[in-house]
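Taking it in order: structure first as structure tokens, then the write-up.
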């Protein structure tokens, strides 16, 4: 049985209540942290080597080190999880809100934040209710507010629901939204919210899963965490497996301990593909990531391993396409998502996303031409010049250069299938 | 403010060529100065940059090699390497242009912007020749009105954020916003909240496509059919620089020019769309002579003959003050000079005035140390005791707003009622007339009874002698006689000798009127009547030796039958004089009223003889703005009918009286002004046009102003619609706020007249404010941008914006009166005059005060202000 960190209490009845959490030793990590110096707490997290679980995979402890030491500093937890097929944070906020809160408080203490915010996707109705209830319970318990557990450390924690825009998961757009403005990503420089963030003050933005790991790290030590996994990929990760597998769902696995093939086929995990079909492609790190083919199924689930194969582990969401699914349709659906969710701020993303979606839709419906494939690649190239990975960009934020991933992968891996759509003037698959 | 900027220069390389640029300057601007134009849409030199359109992407070398960066968002740094012409840059820019065009309707042939459109122009210069987009374009209902004056076509919009940034950041009217996402992102207003900003027209001017169009210009002309001249707006005293454009002898449009010291390219809507009045078919186009109850057209010859005979017989009565002249704000400096010379030099009367109880005494204006606009916006602190700047001098409000938001200065406002400046003010203090003397005397003293004001000014570093303080002085409350404000200004000026004043009076060219002697007891050059030089005496043979009457005295004299002939030159006392009841009954008693006007106003409609005057843009000349800056006005269209310039009319009358004023062109008048007035020394038409161009010239001209400012190229993309290369001046920054004329050499600020031209030091005269009678309330009497005026009434698209006279009280006062919003109240003044008004509850009005917004009171014969009261109180009852 592999180690469970963030999902240890998932499945426990009423796991979201303070009483349950306390019964499992909840808030002892916070007590322990408050007995340490903030520097020591920070050092433990540094020692854990934990990479941020939001998608970019930047080391959490190092991010905290970049925080400008102004008198006012903020901590913001990014719970705006809204990419198709990404649903790991959803599980955590609904099932273990106190773990999230405890991790947030420990982090706030470590970085000397003067106020903390949890920005949660507005559609997480149950999650919002559970986190707010948990915050209220934690206030009453003395874990949040003035003089926490008599330590002299005080902080308030505010829950803010999002208003339905995917872009608000981008940290600077999230900050704008939190300030009450339209969710437009901020233009760089300044490069990091750690220097100029919420209300112009230095701000750390961390993902829900990142925060949920912190209590375990404090309780068990950064070394114990770093002992899990391999290389830069320490600890466990929560993989959101979806697509044409028998058992889609969230699976917490020690990093690099399993391969894509094991995740998909292990009877305790994905349980294989339905009706004995075979893997056509895997989208390994959310719909922004380039696809990998069946030849890459033996890659271990690790940050650098997937990067070396030309894609990314990203948010840890893994979509499996079987041989009965249409690559063109999949690309079209993904581009449709991005064109709807482009914030509209800068030209290449606003106009390019819509254009790409329209061409993809046309091809899927059978009105494409062969030259459309070159056009698609060139329109993508004008958003992400060179179509390299990691991408360059003509846009303000990384939503734009996320669009070409599926288009380029689709055309590169399944050009024949595109040509069938074009020549036979329609989709050969049954939907 | 050092002029040696070499320490602040950095060296960057653009396409292999090394250039020097100011530290922190944006790459796009630095490149442009070096002759490299980087294409752009969202960039605007007067707005904060957003880097949204991505058209200005260039390759910049960084730690990870060359990457595409927006030149509009990147400040230059030493050693920066930039490539603007690589394949990669070209592809990125082509790509952005193609993106911008895929959903843009190609309706250029019917688009007002066609021919002056940055999108069209840059598509020609940079874009791929053909579109690869074959899908259905996005569609919106087109166009939709976002205000009374502006229409929005969302299909043409390229989401550059210029209009929205202007509305939010510059105007402070964040009433338009982005709505929606992706390629369905649109600009729109909020439900039931139109873009009703005084500055909405600026969004049309800065729109880089034809998405925003102005209702008055729509489908009126094509840009290539327009011809244009540079001029200055005379709607208020700001002197905003404008481009006047016409097609086939009809004015079509005004555009704001970017004068760094004045308007930064912005205009208010009243100024921008006021050209419609000039085209109006209701203009007076021939001399009209009264026949009983109506007018009949007459010839210039017989009109002049009639004037001559009336003037001669009045002169025969022995007292030259039986003839009076009231000049209005339409006049150019040349018009004013000619009429003052006619009055004082030919007819021999000193009874000339140019203010209608809404200004300040000429001698007081002349004696105050002046501040320029640039000095005001960079002052250590500002004390505002003025009419609502946003209502009276709107673009000055934008300059002050920028200054406060940028932290350049802090404002304290004193007064009797709320104003738009309150939101920008650090301190607002309510004052009564009785407190002003003490306030002025002790403002910078420890004993100050207004500690909040004193503390603010002290913290801001204002000296005990007023050093660093600029006073915005206007008429905060027209219910207080001007003498109250004059006494305050003189007292303050005595207590704080180094404080400076910026006169924020509304009327255009009030400064020129004072400078040129269109007030009693003064001569051109702010000289006292008795101090005429030999040169002046030679040219002004009939100079009177005793002081004449001001407007109020003329009206009182008229009531007593002591005014035989009254010239109203562009003035309408029946409507505009604060005590309109007095003006109406007095004007009825004048023997012979000559009105020189463009429309039949309240006053000219009742005159005995009406002469048709050329309007703005129908004549050339100069005007002086509120800071004392002389600016050019250029003729663009031929005068209507038999209209003549006012200065020429004065000349004709002089000739008829057997005298020759001695000039036959506006430039000739200016030459004589420069000769007679020491204040205007060195000024000439050629110099105004050639050497200082867009900024005009501060008078008196100091020796250093001869230096010519470095020229900046016109950014046609920032200012579409203005062809050719006009000197735009340097972009403003705090350090750029050095007047040409204000040198460190003599430490004398520009605009401050040399001592010889100042009327001697004046003593403040404090008249005892009357005690508030029992049952009477304080009266605040104010003016709005769209209050009254012939110009508004005759501008087809502005006329429906005219505000009705209304009465505002606080909710507490309303409760006391037992009237709710929308109810009717009866207002009675001390003399028994009555008026009925609709009540509006507004809690910016202090309790026990009633604020009357100026409308058209003269129509009902009601005037809430009596000119013989120092402070007016009124009784308010439920009607």
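Per residue of peptide B:86-92, the mean number of Cβ atoms on other chains within 10 Å of the residue Cβ is 2.
Only Cα pairs under 8 Å and 6+ residues apart enter the sum, and on that basis the relative contact order of region B:6-101 stands at 33 percent. Averaged over the residues of B:126-135, the number of partner chain Cβ atoms lying within 10 Å of the residue Cβ comes to 3. Note on B:47-58: average number of Cβ atoms from other chains within 10 Å of each residue's Cβ is 3.
Packing-based ranking of B:439-446, B:324-331 yields B:324-331, B:439-446, ordered from highest to lowest mean Cβ neighbour count within 10 Å. Neighbour counting of Cβ atoms within 10 Å sorts the residues A:177, A:371, B:308, fewest neighbours leading, into A:371, B:308, A:177. The listed peptides B:844-853, B:36-45, ordered by packing as a protection proxy, come out as B:36-45, B:844-853 (highest mean of other Cβ atoms within 10 Å first). For region B:278-334, the Stokes-Einstein estimate of translational diffusion at 25 °C and a viscosity of 0.890 mPa s comes to 173 µm²/s, using the Kirkwood hydrodynamic radius over alpha-carbon pairs. I need the calculated FRET efficiency for the pair residue B:94 and residue A:370, taking r as the beta carbon distance and R₀ as 30 Å, to the nearest 0.05. Rounded to the nearest 0.05, the efficiency is 0.85. Its Cα gyration tensor gives region A:335-409 an equivalent ellipsoid; the semi-axes, largest first and in whole Å, are 19, 14, 9. Computed from Cα atoms, the angle from the helix B:666-676 axis to the main principal axis of chain B rounds to 60 degrees. What the pair-distance distribution of region B:1-82 shows, using all Cα-Cα distances binned every 5 Å from zero, is 3, 16, 26, 25, 18, 8, 3, 1 percent.
Angle of helix B:300-316 to the longest C-alpha principal axis of chain B, folded into 0 to 90 degrees and rounded to 10: 40°. Counted over region A:18-227 with a bin width of 10 Å, the fraction of Cα pairs per bin, in whole percents, is 9, 38, 39, 13, 0.
Taken over region A:133-180, the alpha-carbon convex hull comes to 96 cubic angstrom per residue. For chain B, find the longest principal axis of its Cα atoms and tell me its angle to the long axis of helix B:394-405, 0 to 90°, nearest 10. That works out to roughly 60 degrees.
Rounded to the nearest 500, the helix-only mean residue ellipticity at 222 nm of chain A stands at -13000 deg cm²/dmol, with each DSSP H run of n ≥ 4 adding -39,500 (n - 2.57).
Summed over qualifying helices (DSSP H, 4 residues or more, each -39500 (n - 2.57)) and divided by its residue number, chain B shows a 222 nm mean residue ellipticity of -6000 deg cm²/dmol.
If you look at the Cα atoms of region B:46-197, you get an Rg and a Dmax of 17.6, 52 Å. Counting every C-alpha pair in region B:255-357, the share spaced more than 17 angstrom apart comes to 72%. Under the criterion of Cα pairs below 8 Å and six or more residues apart, the relative contact order for region B:509-622 equals 17 percent.
What is region B:70-147 by shape, rounded, prolate or oblate, if you read a ≥ b ≥ c off the alpha carbon gyration tensor as root eigenvalues and call it rounded for a/c under 1.5, prolate for a/b larger than b/c, and oblate otherwise? Prolate. The equivalent ellipsoid of the protein assembly as shown has semi-axes of 69, 35, 28 Å, largest first, where each one is the square root of 5 times an eigenvalue of the Cα gyration tensor.
Based on Cα contacts under 8 Å between residues 6+ apart, region A:258-400 shows a relative contact order of 18 percent. Principal axis extents of the Cα atoms in region A:232-322, from largest to smallest and rounded to whole angstrom, are 37, 24, 20. Looking at chain A, the DSSP beta bridges with both ends there are about 45 percent antiparallel. List the pair-distance distribution P(r) of chain B, using every Cα-Cα distance, as the percent of pairs falling in each 10 Å bin from 0 up to the bin containing the longest distance, rounded to whole percents. For chain B, the binned pair fractions read 2, 12, 21, 25, 20, 12, 6, 2, 0, 0 percent. From largest to smallest, the equivalent ellipsoid semi-axes obtained for region B:363-503 from the alpha-carbon gyration tensor read 19, 18, 15 Å. The calculated FRET efficiency for the pair residue A:146 and residue A:68, based on their C-beta separation and a Förster distance of 25 Å, comes to about 0.45. Most tightly packed first, judged by the mean number of other beta-carbon atoms within 10 Å of their residues, the peptides B:288-301, B:257-270, A:280-293 read B:257-270, A:280-293, B:288-301.
In this structure, residue A:36 and residue B:452 have a Cβ-Cβ separation that, at R0 = 56 Å, corresponds to a calculated FRET efficiency of about 0.70.
Every read-out reported here was derived from the displayed coordinates using simple, explicitly stated rules and does not represent laboratory data. Bear in mind that the values here come from a model prediction, so they are computed numbers and not experimental data. Neighbour counts run over all protein chains shown; Cβ positions are idealised from the backbone, glycine included.
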